[in-house]
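The values are calculated or read from the model by the stated rules, or taken from the named source; none is laboratory data. Worth saying up front: this structure is predicted, and the values here are computed from it rather than measured. For neighbour counting, all protein chains shown are included, and Cβ atoms are generated from backbone atoms with ideal geometry for every residue, glycine included.
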């Protein structure tokens, strides 16, 4: 059987009429650009020159699960690393519906108005059924996406811990090398994505809304303990009074927690991403935190710990990948899974059997 020919998505499908807005010239330019593969040195040079197209291509490269792309990805990261670590990294989380995308757009526009270069790495949840992601953050941030001083990169969470894209940590390095001085990471807002994002940012911001029962959540540990600031969003219209009351409740709740290692006392504030009220104050609060933690040397200490943490996480990830790709494991995995499912052996015996197969190289 002849190999199946790859068909470009830019070509007309039989029975489907091409849109009137399709420019043949533009389509040809895109196809030619895709054909030209940049070398590692070319990618690095373009990234350092601030080329956002090259940055996108490099992030796609490091997100690739193709083993052949790994050496090239590592070479690009190595070339960009000396130019990284010059940004402020901010993690933003909150439950779905709290207005993360609207807030980030308003916040990002404020930062670019101050002359900042902002990169937004948005983690989009992947379906456990179809394994697909919508990746619609650029659509929701329609104003910010047109800003020449902003870069928005939605990435699928895949099967990684807590919904954090597997290569977000490396994407931060590339964005910093490209000249972005403020990196914003938006979490999925569910599961343990907050824990993973907290381990790669300098400042962790928790978005809340009033009148949704969230006030009682304030006394719970976990996410509240990680937050450096709690922001009550949607403080506009009839919600202004509710937001103020929520602010009081969260302030009380924060006093139940032990002091943070940074020595910083988390603060609660309100804002409206719709009217832009309170947005500038949030940036001032973040700058106060950065100044404070740099003065007591916690800022650098935290980054050093984060680097060590991600080294160990990478080891775990690589070992897991090598385990499942091992010929002995790949050959017997389905058979042992079947035996476990049929109660012929216990899950623990099954795991030990596979581990023994892995050791016998």
Boolean, residue 274 is at pLDDT 95 or above and surrounded by 15 or more Cβ atoms within 10 Å (Cβ to Cβ): no
Any hit, region 104-111, residues being farther than 27 Å from residue 243 by Cβ, modelled with pLDDT of 80 or more and surrounded by fewer than 19 Cβ atoms within 10 Å (Cβ to Cβ): no
Failed criterion for residue 47 (all others in (1) within 16 Å of the chain's Cα centre (by Cα); (2) crowded, with 22+ Cβ neighbours inside 10 Å hold): (1)
Filter result (within 30 Å of residue 168 (Cα to Cα) and free of Cβ contacts under 8 Å to residues at least 12 places away in the same chain) within region 326-350: 327, 330
Where residue 239 falls short, out of the listed (1) farther than 17 Å from residue 94 by Cα; (2) not in a helix (DSSP H, G or I): (2)
Number of the condition not met by residue 61 [criteria: (1) outside any helix (DSSP H, G or I); (2) modelled with pLDDT of 85 or more; (3) within 18 Å of the chain's Cα centre (by Cα)]: (1)
Single residue of region 310-331 satisfying the filter (touching a helix residue (DSSP H, G or I) at 6+ places or on another chain (Cβ under 6 Å) and part of a helix (DSSP H, G or I)) that is nearest to residue 200 (Cα to Cα): 310
Failed item, numbered, when residue 302 is tested on (1) outside the structural domain of residue 108 (by TED's automatic domain parsing); (2) over 22 Å from the mean Cα position of the chain (by Cα): (2)
